[in-house]
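Quick notes on the structure that follows.
The values are calculated or read from the model by the stated rules, or taken from the named source; none is laboratory data. If you're wondering where the values come from, they're calculated on a predicted model, not measured in any experiment. Every residue, glycine as well, gets a Cβ built from its backbone with ideal geometry; the counts of neighbours run over all protein chains shown. Accessible surface is based on the protein model in full, side chains and every heavy atom, while ligands, DNA and RNA are left aside. Shrake-Rupley method; radii C 1.70, N 1.55, O 1.52, S 1.80 Å.
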Amino acid sequence: MNELRPPFSSDANSSDLIVTISDVHKHFRGAQVLRGISLDVRRGEVICIIGPSGSGKSTLLRCINALTPIDSGRISVCGIDVTDPKLDKLALRRRVGMIFQQYNLFPHKTVLQNVMMAPIQVMKQDKAEVERRAHDLLAKVRLTGKEACYPAELSGGQQQRVAIARSLAMQPEVMMFDEVTAALDPETVKEVLNVIRDLAQDGMTCMLVTHEMGFAREIADRVCFTDGGLIVEQGTPAEIFGAPRDPRTQQFLQHVF
Ligand SMILES: Nc1ncnc2c1ncn2[C@@H]1O[C@H](COP(=O)(O)OP(=O)(O)OP(=O)(O)O)[C@@H](O)[C@H]1O
Ligand SMILES: [Mg+2]
(Lines give C-alpha, C1' and ligand atoms only; values in the text may rest on other atoms or scores of the structure.)
(Ligands and ions follow the chains in the order given, each with its own letter.)
Protein backbone atom coordinates (compact mmCIF):
# COMPACT_ATOMS: atom_id res chain seq x y z
CA MET A 1 0.00 0.00 0.00
CA ASN A 2 3.00 2.29 0.19
CA GLU A 3 4.33 3.50 -3.14
CA LEU A 4 7.75 4.18 -1.61
CA ARG A 5 8.09 0.59 -0.60
CA PRO A 6 10.08 -1.80 -2.78
CA PRO A 7 7.79 -4.12 -4.71
CA PHE A 8 7.17 -7.59 -3.31
CA SER A 9 9.38 -9.93 -5.29
CA SER A 10 10.87 -13.32 -4.63
CA ASP A 11 14.35 -12.27 -5.77
CA ALA A 12 14.50 -9.26 -3.48
CA ASN A 13 17.95 -8.61 -2.09
CA SER A 14 18.35 -10.42 1.23
CA SER A 15 19.39 -7.10 2.83
CA ASP A 16 15.75 -6.06 2.37
CA LEU A 17 14.87 -8.67 4.98
CA ILE A 18 14.46 -7.08 8.35
CA VAL A 19 13.09 -10.07 10.27
CA THR A 20 13.86 -13.68 9.43
CA ILE A 21 12.28 -16.51 11.34
CA SER A 22 13.16 -20.09 10.52
CA ASP A 23 11.67 -23.26 11.90
CA VAL A 24 10.96 -21.87 15.35
CA HIS A 25 9.68 -24.28 17.98
CA LYS A 26 8.49 -23.40 21.45
CA HIS A 27 6.75 -25.38 24.15
CA PHE A 28 5.39 -24.46 27.54
CA ARG A 29 5.42 -27.28 30.06
CA GLY A 30 5.22 -29.95 27.38
CA ALA A 31 2.57 -28.17 25.29
CA GLN A 32 3.89 -27.33 21.82
CA VAL A 33 2.88 -23.75 21.12
CA LEU A 34 5.05 -23.01 18.07
CA ARG A 35 5.66 -26.05 15.86
CA GLY A 36 8.02 -24.81 13.17
CA ILE A 37 7.25 -21.23 12.24
CA SER A 38 9.15 -19.68 9.33
CA LEU A 39 8.54 -16.16 8.11
CA ASP A 40 10.59 -13.47 6.39
CA VAL A 41 9.60 -9.83 6.66
CA ARG A 42 10.91 -7.23 4.24
CA ARG A 43 11.69 -3.67 5.19
CA GLY A 44 8.53 -1.58 4.89
CA GLU A 45 6.23 -4.58 4.75
CA VAL A 46 3.02 -4.73 6.78
CA ILE A 47 2.29 -8.25 8.00
CA CYS A 48 -0.97 -9.08 9.74
CA ILE A 49 -1.15 -12.26 11.78
CA ILE A 50 -4.61 -13.68 12.31
CA GLY A 51 -5.78 -16.93 13.81
CA PRO A 52 -7.77 -18.53 16.60
CA SER A 53 -7.10 -17.94 20.28
CA GLY A 54 -4.17 -19.99 21.52
CA SER A 55 -2.65 -20.49 18.07
CA GLY A 56 0.63 -18.87 19.14
CA LYS A 57 0.35 -15.35 17.72
CA SER A 58 1.43 -13.49 20.87
CA THR A 59 4.09 -16.07 21.62
CA LEU A 60 5.58 -15.52 18.16
CA LEU A 61 5.81 -11.75 18.66
CA ARG A 62 7.28 -12.23 22.12
CA CYS A 63 9.93 -14.58 20.71
CA ILE A 64 10.92 -11.99 18.09
CA ASN A 65 11.51 -9.46 20.85
CA ALA A 66 13.32 -12.00 23.06
CA LEU A 67 10.68 -11.74 25.76
CA THR A 68 10.21 -15.49 25.38
CA PRO A 69 13.19 -17.76 24.61
CA ILE A 70 12.70 -20.32 21.85
CA ASP A 71 13.52 -24.04 22.02
CA SER A 72 14.93 -24.36 18.49
CA GLY A 73 15.11 -22.57 15.17
CA ARG A 74 16.47 -19.13 14.40
CA ILE A 75 15.26 -15.56 14.58
CA SER A 76 17.19 -12.61 13.29
CA VAL A 77 16.12 -8.96 13.47
CA CYS A 78 18.08 -6.25 11.64
CA GLY A 79 21.00 -8.66 11.52
CA ILE A 80 20.85 -9.35 15.26
CA ASP A 81 20.72 -13.05 16.13
CA VAL A 82 17.94 -13.15 18.72
CA THR A 83 18.95 -16.69 19.74
CA ASP A 84 22.56 -15.76 20.52
CA PRO A 85 23.16 -16.50 24.23
CA LYS A 86 25.14 -13.24 24.39
CA LEU A 87 22.25 -11.27 22.87
CA ASP A 88 22.23 -7.58 23.77
CA LYS A 89 18.51 -7.29 24.54
CA LEU A 90 18.66 -3.52 24.75
CA ALA A 91 20.16 -3.30 21.27
CA LEU A 92 17.39 -5.57 19.99
CA ARG A 93 14.57 -3.69 21.69
CA ARG A 94 15.83 -0.37 20.40
CA ARG A 95 15.07 -1.69 16.95
CA VAL A 96 11.81 -3.46 17.70
CA GLY A 97 8.98 -1.51 19.27
CA MET A 98 6.23 -3.58 20.84
CA ILE A 99 2.76 -2.44 21.78
CA PHE A 100 0.41 -4.60 23.81
CA GLN A 101 -3.28 -4.47 24.64
CA GLN A 102 -2.46 -2.91 28.02
CA TYR A 103 -0.56 0.34 27.65
CA ASN A 104 1.62 0.21 30.79
CA LEU A 105 2.27 3.94 30.88
CA PHE A 106 3.94 5.39 33.94
CA PRO A 107 0.95 6.78 35.90
CA HIS A 108 2.89 9.48 37.77
CA LYS A 109 4.56 10.88 34.65
CA THR A 110 2.94 13.21 32.16
CA VAL A 111 2.37 12.26 28.55
CA LEU A 112 5.50 14.16 27.49
CA GLN A 113 7.60 12.59 30.26
CA ASN A 114 6.37 9.12 29.32
CA VAL A 115 7.51 9.65 25.73
CA MET A 116 10.87 11.19 26.70
CA MET A 117 11.88 8.81 29.43
CA ALA A 118 13.53 5.89 27.62
CA PRO A 119 15.63 7.90 25.15
CA ILE A 120 17.01 10.02 28.00
CA GLN A 121 17.42 7.40 30.72
CA VAL A 122 18.26 4.34 28.64
CA MET A 123 19.87 5.87 25.57
CA LYS A 124 21.40 8.89 27.33
CA GLN A 125 20.31 11.09 24.45
CA ASP A 126 20.32 14.87 24.57
CA LYS A 127 17.25 16.14 26.45
CA ALA A 128 16.45 19.07 24.17
CA GLU A 129 16.68 16.88 21.08
CA VAL A 130 14.51 14.17 22.68
CA GLU A 131 11.93 16.77 23.70
CA ARG A 132 11.74 18.14 20.17
CA ARG A 133 11.25 14.64 18.83
CA ALA A 134 8.64 13.87 21.50
CA HIS A 135 6.55 16.86 20.38
CA ASP A 136 6.77 15.71 16.77
CA LEU A 137 5.74 12.19 17.76
CA LEU A 138 2.81 13.43 19.82
CA ALA A 139 1.68 15.40 16.78
CA LYS A 140 2.05 12.26 14.68
CA VAL A 141 -0.23 10.29 17.02
CA ARG A 142 -2.60 13.26 17.09
CA LEU A 143 -2.14 14.18 20.74
CA THR A 144 -0.80 17.71 20.49
CA GLY A 145 -2.16 19.63 23.49
CA LYS A 146 -2.09 16.60 25.82
CA GLU A 147 1.61 16.85 26.73
CA ALA A 148 0.98 17.85 30.35
CA CYS A 149 -1.82 15.33 31.01
CA TYR A 150 -1.38 12.27 33.19
CA PRO A 151 -2.41 8.89 31.77
CA ALA A 152 -5.49 8.66 34.02
CA GLU A 153 -6.81 11.84 32.41
CA LEU A 154 -6.85 10.25 28.96
CA SER A 155 -9.18 7.81 27.20
CA GLY A 156 -7.98 4.29 26.49
CA GLY A 157 -7.36 5.16 22.85
CA GLN A 158 -5.38 8.24 23.79
CA GLN A 159 -3.29 6.23 26.24
CA GLN A 160 -2.63 3.64 23.58
CA ARG A 161 -1.45 6.38 21.23
CA VAL A 162 0.91 7.68 23.94
CA ALA A 163 2.27 4.14 24.19
CA ILE A 164 2.85 4.15 20.43
CA ALA A 165 4.62 7.54 20.59
CA ARG A 166 6.71 6.31 23.51
CA SER A 167 7.77 3.29 21.52
CA LEU A 168 8.54 5.38 18.41
CA ALA A 169 10.74 7.65 20.54
CA MET A 170 13.32 4.85 20.54
CA GLN A 171 13.41 5.13 16.73
CA PRO A 172 12.66 1.45 16.08
CA GLU A 173 12.96 -0.16 12.67
CA VAL A 174 10.08 -2.58 13.21
CA MET A 175 6.87 -2.08 15.15
CA MET A 176 4.91 -5.01 16.53
CA PHE A 177 1.32 -4.61 17.69
CA ASP A 178 -0.45 -7.32 19.66
CA GLU A 179 -4.22 -6.77 19.62
CA VAL A 180 -3.70 -3.17 20.60
CA THR A 181 -7.33 -2.21 20.10
CA ALA A 182 -8.91 -5.23 21.76
CA ALA A 183 -9.73 -3.41 25.00
CA LEU A 184 -10.96 -0.16 23.42
CA ASP A 185 -14.43 1.08 22.62
CA PRO A 186 -15.28 1.39 18.90
CA GLU A 187 -14.73 5.16 18.64
CA THR A 188 -11.23 5.04 20.09
CA VAL A 189 -10.37 1.92 18.11
CA LYS A 190 -10.60 4.04 14.97
CA GLU A 191 -8.20 6.68 16.35
CA VAL A 192 -5.57 4.05 17.10
CA LEU A 193 -6.01 2.29 13.76
CA ASN A 194 -5.60 5.66 11.99
CA VAL A 195 -2.24 6.12 13.70
CA ILE A 196 -1.10 2.63 12.70
CA ARG A 197 -2.27 3.28 9.14
CA ASP A 198 -0.19 6.51 9.05
CA LEU A 199 2.87 4.63 10.28
CA ALA A 200 2.45 1.94 7.66
CA GLN A 201 2.03 4.55 4.94
CA ASP A 202 5.22 6.25 6.12
CA GLY A 203 7.00 2.98 5.36
CA MET A 204 7.42 1.59 8.88
CA THR A 205 7.78 -2.19 8.92
CA CYS A 206 4.82 -3.46 10.96
CA MET A 207 3.80 -6.82 12.34
CA LEU A 208 0.29 -6.78 13.69
CA VAL A 209 -1.70 -9.43 15.50
CA THR A 210 -5.26 -8.30 15.08
CA HIS A 211 -8.85 -9.38 15.24
CA GLU A 212 -9.83 -6.34 13.17
CA MET A 213 -10.25 -8.22 9.90
CA GLY A 214 -11.42 -5.19 7.94
CA PHE A 215 -8.31 -3.32 8.98
CA ALA A 216 -6.04 -6.27 8.19
CA ARG A 217 -7.59 -6.50 4.76
CA GLU A 218 -7.01 -2.82 4.12
CA ILE A 219 -3.53 -2.35 5.53
CA ALA A 220 -1.65 -5.64 5.12
CA ASP A 221 0.77 -6.45 2.36
CA ARG A 222 0.63 -10.02 3.60
CA VAL A 223 -1.70 -11.88 5.92
CA CYS A 224 -0.54 -14.95 7.86
CA PHE A 225 -3.13 -17.31 9.28
CA THR A 226 -1.88 -19.30 12.28
CA ASP A 227 -3.43 -22.41 13.77
CA GLY A 228 -1.98 -24.89 16.23
CA GLY A 229 1.42 -23.19 16.30
CA LEU A 230 1.91 -23.13 12.53
CA ILE A 231 1.45 -20.60 9.77
CA VAL A 232 -1.12 -22.62 7.91
CA GLU A 233 -1.49 -20.21 5.03
CA GLN A 234 -0.20 -16.82 3.97
CA GLY A 235 -0.87 -14.48 1.10
CA THR A 236 -2.17 -11.12 0.08
CA PRO A 237 -5.38 -9.92 1.77
CA ALA A 238 -7.23 -10.69 -1.47
CA GLU A 239 -5.93 -14.26 -1.42
CA ILE A 240 -6.56 -14.94 2.26
CA PHE A 241 -9.87 -13.14 2.67
CA GLY A 242 -11.14 -13.63 -0.87
CA ALA A 243 -10.11 -17.19 -1.63
CA PRO A 244 -8.59 -19.01 1.37
CA ARG A 245 -7.26 -22.42 0.34
CA ASP A 246 -6.85 -24.25 3.63
CA PRO A 247 -10.03 -25.58 5.27
CA ARG A 248 -8.86 -24.22 8.65
CA THR A 249 -8.54 -20.71 7.24
CA GLN A 250 -11.93 -21.04 5.57
CA GLN A 251 -13.55 -22.18 8.79
CA PHE A 252 -11.93 -19.41 10.86
CA LEU A 253 -13.00 -16.69 8.44
CA GLN A 254 -16.55 -18.06 8.33
CA HIS A 255 -16.75 -17.54 12.07
CA VAL A 256 -15.33 -14.02 12.13
CA PHE A 257 -17.33 -12.55 9.24
N1 LIG B 1 4.06 -18.09 29.68
C2 LIG B 1 3.29 -19.13 29.35
N3 LIG B 1 3.26 -20.25 30.11
C4 LIG B 1 2.52 -21.31 29.75
N5 LIG B 1 1.74 -21.36 28.66
C6 LIG B 1 1.71 -20.28 27.87
C7 LIG B 1 2.47 -19.11 28.16
N8 LIG B 1 2.25 -18.20 27.19
C9 LIG B 1 1.38 -18.78 26.33
N10 LIG B 1 1.05 -20.03 26.73
C11 LIG B 1 0.16 -20.95 26.02
O12 LIG B 1 0.57 -20.98 24.68
C13 LIG B 1 -0.53 -21.07 23.79
C14 LIG B 1 -0.45 -19.93 22.78
O15 LIG B 1 -0.64 -18.71 23.45
P16 LIG B 1 -0.59 -17.32 22.72
O17 LIG B 1 -0.80 -16.29 23.77
O18 LIG B 1 0.63 -17.23 21.89
O19 LIG B 1 -1.86 -17.43 21.77
P20 LIG B 1 -2.58 -16.32 20.88
O21 LIG B 1 -2.66 -16.88 19.49
O22 LIG B 1 -1.91 -15.02 21.07
O23 LIG B 1 -4.06 -16.30 21.49
P24 LIG B 1 -5.09 -15.07 21.72
O25 LIG B 1 -5.74 -14.82 20.39
O26 LIG B 1 -6.05 -15.60 22.72
O27 LIG B 1 -4.30 -13.91 22.23
C28 LIG B 1 -1.78 -21.01 24.67
O29 LIG B 1 -2.25 -22.32 24.86
C30 LIG B 1 -1.27 -20.44 25.97
O31 LIG B 1 -2.01 -20.90 27.05
MG1 LIG C 1 -2.49 -13.22 21.91
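On inspection, residue 179 fails the criterion of being surrounded by fewer than 18 Cβ atoms within 10 Å (Cβ to Cβ), over 30 Å from residue 38 (Cα atoms) and acidic (Asp, Glu). Within the range 229-257, residues that are within 21 Å of residue 58 (Cβ to Cβ) reach partners that are assigned to a strand (DSSP E or B) and open to solvent by 60 Å² or more (accessible area, probe 1.4 Å) with beta carbons closer than 7 Å, at six or more positions or on different chains, in the pairs 229/32; 229/35; 230/35. Considering every residue within the range 233-255, establish whether at least one is open to solvent by less than 60 Å² (accessible area, probe 1.4 Å) and touching a Ser or Thr at 6+ places or on another chain (Cβ under 6 Å). The answer is yes, given that some residue of the range 233-255 is open to solvent by less than 60 Å² (accessible area, probe 1.4 Å) and touching a Ser or Thr at 6+ places or on another chain (Cβ under 6 Å). On the basis of being in contact with a Gly (Cβ under 8 Å, 6 or more places away or on another chain), of a type in the set (Gly, Ala, Ser) and touching a residue at least 12 places away in the same chain (Cβ under 8 Å), does residue 183 make the cut? In short, yes. Can you find a residue in the range 204-215 that is free of Cβ contacts under 8 Å to residues at least 24 places away in the same chain and farther than 18 Å from residue 175 by Cα? Yes: one or more hits. Of all residues in the range 51-73, those satisfying the criterion of being more than 9 Å from ligand 1 (Cβ to nearest atom) and surrounded by 15 or more Cβ atoms within 10 Å (Cβ to Cβ) are 63, 64, 65, 66, 70, 73.
Residue-level check: of (1) modelled with pLDDT under 95; (2) open to solvent by 40 Å² or more (accessible area, probe 1.4 Å); (3) basic (Lys, Arg), residue 43 misses just (1).
Considering only residues in the range 199-253 that are among the small types (Gly, Ala, Ser) and within 15 Å of ligand 1 (Cβ to nearest atom), the one that is nearest to residue 18 (Cα to Cα) turns out to be 216.
So, in the range 14-30, exactly how many residues are within 16 Å of ligand 1 (Cβ to nearest atom), more than 18 Å from the chain's Cα centre (by Cα), surrounded by fewer than 24 Cβ atoms within 10 Å (Cβ to Cβ) and at pLDDT 95 or above? Here the count works out to 4.
For the residues 121, 113, 159, 125, the requirement of being within 30 Å of residue 52 (Cβ to Cβ) and open to solvent by 30 Å² or more (accessible area, probe 1.4 Å) singles out 159.
Residues are listed down the side, and each one gets a yes or a no for (1) modelled with pLDDT under 95; (2) more than 20 Å from the chain's Cα centre (by Cα); (3) not aliphatic (A, V, I, L, M):
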residue: 212; (1), (2), (3): yes, no, yes
residue: 216; (1), (2), (3): no, no, no
residue: 224; (1), (2), (3): no, no, yes
residue: 235; (1), (2), (3): no, no, yes
residue: 246; (1), (2), (3): no, yes, yes
